[in-house]
Amino acid sequence: MPLQNAASRRKGWCTRLNIRADNARFLLLAVLMLVYMLAGAAVFMAIEGPREQAEKAKYFKFAQDFRARYAAVLNLSELDDYLSLHADAFTSGYLTDRRPRWDYSGSFYFVGTVVSTIGFGMTTPRTIAGKALVIWYGFLGCSGAILFFNLFLERIITFWALILRQLHQLSSRLKAARKRRRARQSGELQYETATVTAAATAQSSAASPSGPSTDKTVGEGSADSLDSWKPSVYKVQFLLLCTACGIACTASAVYQPVESWTYFDSVYFCFVAFSTIGFGDLVVSQRSDYAFSTLYRVGNFCFLMLGCCCIYSFFNVTSLVLRTMLDRMIRRLDCRCTNCLRPKAKMRTLPPPPRFRRNAITERDVEE
C-alpha cells in the first residue's frame, strides 16, 4: 500500500486526471492566457488609470466653472443639447477639415477595414440597411481575407526558405573548400583525392536531370529540392519579424510628416493597424486634402495590406513556437521523475507531439 501511494503521488497531472495531450494543451493555454490577461489588466490599470482620473476631474471642473460663470446668460438645457450634437458631429467627421467618409474613396477605405478585421471605428454605418449589409458583407469578406493571408503566408515562408537554402548551400561549399584547403596544406593526399572524386561525382549527377546528388555537405537527399533541407522555424520567424518591422518603419516615416504625428505615434499606429486591433484613436487619410492625395492613399492601402499580411504570418509562425513550448510543459507536468521505484518502461508518459507541418518548415522544426 505505501508503495502504491508513493507511485500515485509521482504520477504527473495529465496522468492523474487522465487527460489527452491535445486537451491538456488546450486547458494549459486557456489558463496561461487567463493569467496573461489578468496581469495585463493590472498593468494597464496602473499606467492609464491615474491619467483617466486626472483628465476626468479636469473636464468636470472646467464644465462646472463654465456653467457657474455663464449661468445668467445661458440656457443650460439648450447648451447640453448643443454639446451633445457637437460631439456626435465630431465623431461622425462632419467638423474641421475631415473628408467625406461615405464618398467612394471613403467607402472603399471602410470595406477595407471590414474585410481585414481592423475596424477602426471612425466610420460606421448609421442606417439599418447599412448595418444589415455589414453582417453579410463582412461574413464573406473576412473569410476571403483569412484565405488570402494564409496563401500569403505560404508564399512568404517559401520565399525566405529559398533564401536560407541558398545561404546554407553557400556556407556548405565554403566549409568544404576550407576542408580541402586544410587537407592539401597538411599533405593528406589520399583524403584530397577522395574529396575531389566525390565532388566530381556530385557535379556530374547534378548535371543529369534524374541523377541523384551525392554531395552530403549541401543537405540530406537531393540538394535541388526544398524537401532536402528545411530552415529552422526560428530563422523564418526572425525574418518575418524583420520584414514586418521594415514595413512599419517605412510607413511611419511617411505618416509622421503627412499626418503631423510623432514617429512613436506612427509606429504605434502601424502595430495597431497591422495586427488588426484597430483602436481608432489614430487613423490615417482622414483630412479632406493632402499633397499628392491619390498617391498617398494608394500607398497607405499598400502599407496596410503588406503590414497585415506580414504580421499575420509572423503571428502564425510564433504560434508554432508557443505550441512547442506548451508541449514541453505538458511533458514536464507528466512527471518523468528520476527516483521512481517502477521501471521506466512501465511509466505512463505522453506520446511525442506530432511534427507541425507548415509549408517550407518541416524537417528542422521547432523541437530542434
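The values are calculated or read from the model by the stated rules, or taken from the named source; none is laboratory data. As the structure is a prediction and not an experimental result, all values here were calculated from the model. Positions of Cβ are generated from backbone atoms using ideal geometry, with glycine treated the same way; all protein chains shown enter the neighbour counts. Protein only, heavy atoms only, side chains kept; ligands, DNA and RNA dropped before computing areas. Shrake-Rupley method; radii C 1.70, N 1.55, O 1.52, S 1.80 Å.
Using the Cα centre of region 13-96 as the reference point, and only Cβ charges (+1 on K/R, -1 on D/E), how large is the resulting charge dipole? Debye, rounded to the nearest 20.
Dipole magnitude for region 13-96 comes out near 540 debye.
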(request) Report the label-to-label distance for Asn150 and Arg181 in nanometres (one decimal), using points 7 Å from each Cα along the Cα→Cβ vector. (result) 4.9
(message) Nothing charged except the Cβ atoms of Lys and Arg (+1) and of Asp and Glu (-1): what's the magnitude of the dipole of region 52-155 about its Cα centre? Round to the nearest 20 debye.
(response) 100
(message) In whole percent, and with a 1.4 Å probe on the protein chains, what portion of the accessible area of region 13-96 is carbon and sulfur?
(response) 67
(message) I'd like to compare 97-110, 49-62: which one has the highest average count of other Cβ atoms within 10 Å, and what's the full order after that?
(response) 97-110, 49-62
(request) Note down the Stokes-Einstein diffusion coefficient of region 278-325 in µm²/s, whole number, using a Kirkwood radius over alpha carbon pairs, 20 °C, and 1.002 mPa s. (result) 163
(request) Calculate the spin-label point distance for Ser275 paired with Ala42, positioning each point 7 Å from the Cα along the beta-carbon direction, and give it in nanometres. (result) 2.1
(message) Roughly how far apart, in whole Å, are the Cα centres of region 239-270 and region 115-132?
(response) 26
(request) Run the quick spin-label model on Arg126 and Leu85: label points 7 Å from Cα toward the beta carbon, then report their separation in nm to one decimal. (result) 1.3
(request) State the Cα centre-to-centre distance between region 302-330 and region 27-105 in whole Å. (result) 34
(message) Can you give the log10 of the normalised intensity I(q)/I(0) at q = 0.12 Å⁻¹, computed with Debye over equal Cα scatterers of region 13-96?
(response) -0.67
(request) Pull out the extension gain between Val31 and Met325, defined as 0.36 nm times the separation in residues minus the alpha carbon to alpha carbon distance; nm, one decimal. (result) 104.4 nm
(request) Give me the accessible area of Thr262, 1.4 Å probe, in Å² rounded to the nearest 10. (result) 80
